[in-house]
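Since the structure comes first, as structure tokens, the remarks are kept for the end.
Please treat every number below as a calculation from the coordinates, not as lab data. Keep in mind it's a predicted model, so treat the numbers as computed, not measured. Here the Cβ positions follow ideal geometry from the backbone for every residue, glycine too, while neighbour counts run over all protein chains shown.
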Amino acid sequence: MWLQTGCRLRFSIEHPTPFVLMLRPRSGAQQWVASEEYLLEPAVPVIEFTDDYGNLCQRLVAPPGEFSLSTASKIMTADQVDEEPGGYFVEIQFLPDAVLKFLLPSRYCEAERFSAMAQEITAGCEPGYDQVAAIERWLRVNFRFEPGSSFSSLSAVEVNQQSTAVCRDFSHLGIALCRALGIPARMVVGCLHGLEPMEFHAWFEAYVAHRWYTFDATQAEKRGGYVAIGYGRDAADVAIYNQFGPPVYPLEQRVTVTLA
């Protein structure tokens, strides 16, 4: 499907403030970026770089006063999320080098704390895709998705002590459970057509059968319309923006996704 995505962020800046932004989607296996627009008001010098996870990032210093940025992209994305029931577990020694880092515990995904729990959730499943699907189902059954119920990142251990969760929380716990089974898992941030309320969204991918597959326990069923912007080990790697110095909070943060 063809989607038109947009984002607008607006800030009030008191002092020159360095930002690192992650707002440009890149073309890949599941999406093709046909066109995009990136506007800054006022215009300031920008340096773009690619981080360790392949994400397109922008560095700039916002001047004092009102500062805003707007993006717009036309993207072709998959009509349906790929599934692979029975997809085989890839033994560690055969994983690509670039995938190995997604096996390790990270700041918000304490995989070493979930070994017994992951084994219990996936008991009777064939190793690989079916285990991750069981984790996704377990998350959907045991936690209530409440957008806007949390504004700070919780670790997987903290999420597991709650009954409600935001998309980021579902991803952290799902990733930790996958890694506890020796399945590489990574966090994805972006947007989803038809999400209510519309905002930036997070889900996770697991590496089985020698490729990445999408899992999202916040949604009742698998569907297309995902647009990925950033990939990383957890939320610390995929912030839409990082700001340095005295805290600056957006006066406006708006996300749009429509059929193109």
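Using just its DSSP H runs of length 4 or more, each adding -39500 (n - 2.57), the chain gives a mean residue ellipticity at 222 nm of -4500 deg cm²/dmol after division by all residues. Using the Cβ-Cβ distance between THR164 and LEU40 with R0 set to 41 Å, the FRET efficiency from 1/(1 + (r/R0)^6) comes to roughly 0.65. Between 0 and 90 degrees, the angle of helix 129-142 with respect to the longest Cα principal axis of the chain falls at about 70 degrees.
Each Lys and Arg adds +1 at its Cβ and each Asp and Glu adds -1 at its Cβ; summed about the Cα centre, segment 14-131 shows a dipole of about 400 debye. Here segment 92-237 carries DSSP beta bridges of which approximately 90% are antiparallel, counting only pairs with both residues inside. Looking at segment 130-184, the chymotrypsin sites (Phe, Trp or Tyr not before Pro) that sit in a DSSP loop and have at most 12 other Cβ atoms within 10 Å of their own Cβ are PHE151. Each eigenvalue of the Cα gyration tensor of segment 92-237, multiplied by 5 and square-rooted, gives one semi-axis; in descending order these are 22, 17, 15 Å.
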